[in-house]
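Q: Below: one structure in structure tokens.
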Amino acid sequence: MTSISANDDRTVSPPVGIIQPAWVRVVHWINAVAMIVMIMSGWQIYNASPLFDFTFSRSITLGGWLAGALLWHFAAMWLLVVNGLVYLVLGLATGRFRRKLWPITPSGVAADAKAALTGKLSHDDLSRYNQVQKLLYAAIILVGIVVVLSGLSIWKPVQFQWLTAVFGGYDFARYVHFTCMALIVAFLVVHVALALLVPKSLRAMVAGR
Amino acid sequence: MRRLRSLLIPGVDKRLLVKDAAKLLPDPARRRFIAGGASLGALTLLTGCDVSDSFSAEKLLVQISKFNDKVQAAIFNPNTLAPTYTEADITRPFPFNGYYSEDEAPDLDGEDYTFEVRGLVDNKKSWTLDELYKLPEVTQITRHVCVEGWSAIGSWSGTPLRDFLKLVGADTRAKYCWFQCADVDGYNSPLDMATALHPQTQMTFKFDGEILPRKYGYPMKIRVPTKLGFKNPKYVVSMEVTNDYKGGYWEDQGYNSFSGI
Ligand code: HEM
């Protein structure tokens with residue numbers, strides 16, 4: 001058995017020069033596709049019985065009508081969940097989460113946020129996430145878990161009624177699910193904007209280095 | 001990029017694929033799915049490849065939906081009861097829902113009404129409403145969950161379907177109870193036998209303690225608290241116990257057939 005030490009970066013880091021290992025890149029892009037399909041079909045499903053005073057324009061939804069959107073949603077969910085589980089298992093097993101996303105401290109986040117806003121944040125070492133990145137990534141992983149669980153709870157409010165109860169009952173769970181979607185979309189906007197601002201990070205997520 | 005494109009677009013005649021997918025569906029659905037192509041366009045923009053053509057999205061999605069039927073049948077626990085509520089929780093007014101308006105809803109005459117029982121049953125006699133009303137009555141207050149996402153709590157009274165199936169000597173190893181309704185368009189829906197035998201699945205004659213009003217399916221509704229609303233047929237006129245999958249009004253248009261909750 002090989003031992004993996006979280007403290008010694010070199011033993012666990014991928015080959016020199018590789019910023020994002022292949023498995024992270026593959027899982028990340030599959031996730032991006034699955035998320036976008038889930039979000040766009042979800043908007044069409046939402047339109048069938050809106051929770052708020054607005055609906056989503058059909059030009060940005062997927063599926064055409066309710067049944068089509070449900071087909072997309074309940075197909076892409078497999079991709080999202082299986083891929084998400086692979087990410088969580090590998091992230092924990094390889095120590096990636098511990099190394100890359102930990103520790104997060106309030107003072108660190110404040111300092112890096114200030115540096116970012118004043119244009120002083122360094123992007124020289126892309127293999128290390130700054131404190132704001134760590135916080136956002138850790139948070140969005142949690143939101144990803146909650147969106148799946150709340151989704152399960154409104155899909156199976158009888159079979160998984162304990163889960164539905166955890167989310168405050170069927171009607172409330174719909175709001176939880178919607179809120180998670182909104183958070184993911186908000187994250188996505190910021191995340192994509194930043195990736196485009198620091199193109200070499202995007203290159204690393206595509207080509208590895 | 002070329003390699004990616006060739007992965008996404010197998011060497012199959014695009015027009016043939018589209019024709020294939022359309023054949024899977026009845027006419028009204030075909031129209032709706034094609035209308036759906038408009039918003040598939042958004043994904044086309046995002047991915048730079050034409051999703052609807054390249055891998056016959058509909059065909060694949062229908063396949064996955066069938067897989068989801070099996071997964072849901074495995075998740076379905078015959079002993080798990082839908083949560084029940086109190087009188088105070090009942091949604092008033094309980095929403096009317098249908099693909100027709102309230103005054104276009106089927107208007108059946110209770111005097112002439114008969115409930116026909118067909119297929120794999122010992123006793124194929126038809127039942128009058130008086131005879132049905134004499135069956136033992138239970139009342140349940142449960143949540144009706146619509147495929148659209150809204151839900152409402154109602155009180156339904158009638159006889160457990162599983163007792164009726166026993167009474168008529170149905171072969172409960174058969175796969176489906178297939179219900180036919182009196183709607184103009186011939187609404188129908190298949191119910192898998194495991195769900196038909198669930199203790200809360202009910203032949204319903206009353207809503208909120210009153211004879212089922214026209215808008216809620218007079219004279220008989222099948223109330224299935226473990227299924228989405230569209231699998232709870234109203235204005236039911238016949239039941240066939242069968243091993244064949246005979247499709248259903250919404251099921252044929254793309255809604256997942258099992259649709260358990
Ligand atoms: C909703 C969909 C998305 C989610 C939930 C998501 C989430 C994440 C997460 C959690 C990470 C950290 C991964 C790790 O280090 O283990 C990450 C990294 C990254 N993502 Fe995304 N992502 C999404 C879509 C996108 C899109 C569309 C782009 C393209 C612009 C993108 C570009 C990147 C880049 C460049 C990184 C590298 C990290 C960095 O150096 O900042 N992501 N993403």
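The values are calculated or read from the model by the stated rules, or taken from the named source; none is laboratory data. Because the structure is predicted, anything quoted here is derived from the model rather than measured. All Cβ positions, glycine included, derive from the backbone under ideal geometry; neighbour counts span all protein chains shown. Note: areas computed on protein heavy atoms with side chains; ligands, DNA, RNA excluded. Shrake-Rupley method; radii C 1.70, N 1.55, O 1.52, S 1.80 Å.
Q: Can you confirm whether residue A:35 is within 16 Å of the ligand (Cβ to nearest atom), under 20 Å from residue A:176 (Cα atoms) and open to solvent by less than 30 Å² (accessible area, probe 1.4 Å)?
A: no
For every residue, the table says whether it meets (1) assigned to a loop (DSSP other than H, G, I, E, B); (2) surrounded by 11 or more Cβ atoms within 10 Å (Cβ to Cβ); (3) among the aromatic types (Phe, Trp, Tyr).
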| residue | (1), (2), (3) |
| --- | --- |
| B:98 | yes, yes, no |
| B:103 | no, no, no |
| B:111 | yes, no, no |
| B:124 | yes, yes, no |
| B:136 | yes, no, no |
| B:140 | no, yes, no |
| B:143 | no, yes, no |
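Q: Quickly run through the stretch A:11-32 and pick out the residues that are more than 19 Å from residue A:144 (Cβ to Cβ) and either crowded, with 19+ Cβ neighbours inside 10 Å or under 19 Å from the mean Cα position of the chain (by Cα) (or both).
A: The answer is A:19, A:21, A:22.
Q: So which residues in the stretch A:111-170 are within 14 Å of chain B (Cβ to nearest Cβ), in a helix (DSSP H, G or I) and open to solvent by 30 Å² or more (accessible area, probe 1.4 Å), if there are any at all?
A: The answer is A:152, A:154, A:155, A:161, A:162, A:165, A:166.
Q: Determine whether the stretch A:176-189 contains at least one residue that is away from the ligand (no atom under 16 Å from the Cβ) and touching a Phe, Trp or Tyr at 6+ places or on another chain (Cβ under 9 Å).
A: Checked the stretch A:176-189: at least one residue is away from the ligand (no atom under 16 Å from the Cβ) and touching a Phe, Trp or Tyr at 6+ places or on another chain (Cβ under 9 Å).
Q: Considering only residues of the stretch B:55-73 that are under 18 Å from the mean Cα position of the chain (by Cα) and of a type in the set (Gly, Ala, Ser), which is farthest from the other protein chains (Cβ to nearest Cβ)?
A: If we take residues in the stretch B:55-73 being under 18 Å from the mean Cα position of the chain (by Cα) and of a type in the set (Gly, Ala, Ser), then B:73 is farthest from the other protein chains (Cβ to nearest Cβ).
Q: Moving on to the next point. For the stretch A:190-209, which residues satisfy the criterion of being open to solvent by 40 Å² or more (accessible area, probe 1.4 Å), within 10 Å of the ligand (Cβ to nearest atom) and in contact (Cβ under 8 Å) with a residue 12 or more places away in the chain?
A: A:191, A:200, A:206
Conditions tested, residue by residue: (1) in a loop (DSSP other than H, G, I, E, B); (2) in contact (Cβ under 8 Å) with a residue 60 or more places away in the chain; (3) more than 12 Å from every other protein chain (Cβ to nearest Cβ).
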site: A:39; (1), (2), (3): no, yes, no
site: A:63; (1), (2), (3): yes, no, no
site: A:71; (1), (2), (3): no, no, no
site: A:82; (1), (2), (3): no, no, yes
site: A:104; (1), (2), (3): yes, no, yes
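Q: Ok, one more. Exactly one condition in (1) in contact (Cβ under 8 Å) with a residue 60 or more places away in the chain; (2) open to solvent by less than 10 Å² (accessible area, probe 1.4 Å) is false for residue B:244; which is it?
A: Evaluating residue B:244 over (1) in contact (Cβ under 8 Å) with a residue 60 or more places away in the chain; (2) open to solvent by less than 10 Å² (accessible area, probe 1.4 Å) leaves (2) as the failure.
Q: To continue, here is another question. Just the residues that are among the β-branched types (Val, Ile, Thr) and without any contact (Cβ under 8 Å) to a residue 40 or more places away in the chain, please, taken from the stretch A:148-189.
A: Answer for the stretch A:148-189, where residues must be among the β-branched types (Val, Ile, Thr) and without any contact (Cβ under 8 Å) to a residue 40 or more places away in the chain: A:154, A:158, A:164, A:166, A:176, A:179, A:189.
Q: Give the stretch A:39-53 a look and list any residue that's more than 9 Å from the ligand (Cβ to nearest atom) and surrounded by 18 or more Cβ atoms within 10 Å (Cβ to Cβ), or say none.
A: Passing the criteria: A:40, A:41, A:42, A:43, A:44, A:45, A:46, A:47.
Q: Regarding the stretch A:179-190, can at least one residue be identified that is outside the structural domain of residue A:26 (by TED's automatic domain parsing) and within 28 Å of residue B:69 (Cβ to Cβ)?
A: Of all residues in the stretch A:179-190, those outside the structural domain of residue A:26 (by TED's automatic domain parsing) come to A:179-190.
Those still in the list that are within 28 Å of residue B:69 (Cβ to Cβ) too: A:180-181.
So far as the stretch A:179-190 goes, yes, one or more of its residues are outside the structural domain of residue A:26 (by TED's automatic domain parsing) and within 28 Å of residue B:69 (Cβ to Cβ).
Q: Taking the stretch B:113-122 on its own, how many of its residues are assigned to a loop (DSSP other than H, G, I, E, B) and open to solvent by less than 40 Å² (accessible area, probe 1.4 Å)?
A: Going through the stretch B:113-122 one residue at a time, the tally reaches 1.
Q: Something else: Name the single residue that is farthest from residue A:139 (Cα to Cα) among those in the stretch A:73-84 being within 14 Å of the ligand (Cβ to nearest atom) and surrounded by fewer than 18 Cβ atoms within 10 Å (Cβ to Cβ).
A: Result: A:79.
Q: Can you pull out the residues in the stretch A:171-188 that are of a type in the set (Val, Ile, Thr) and open to solvent by less than 50 Å² (accessible area, probe 1.4 Å)?
A: The initial filter retains those residues of the stretch A:171-188 that are of a type in the set (Val, Ile, Thr), namely A:176, A:179, A:184-185.
Correct list: A:176, A:184, A:185.
Q: Out of all the residues in the stretch B:195-253, which are within 14 Å of chain A (Cβ to nearest Cβ), of a type outside the set (Ser, Thr, Tyr) and either assigned to a strand (DSSP E or B) or closer than 18 Å to residue B:142 by Cβ (or both)?
A: Answer for the stretch B:195-253, where residues must be within 14 Å of chain A (Cβ to nearest Cβ), of a type outside the set (Ser, Thr, Tyr) and either assigned to a strand (DSSP E or B) or closer than 18 Å to residue B:142 by Cβ (or both): B:198, B:199, B:200, B:223, B:224, B:225, B:227, B:228, B:229, B:230, B:231, B:232.
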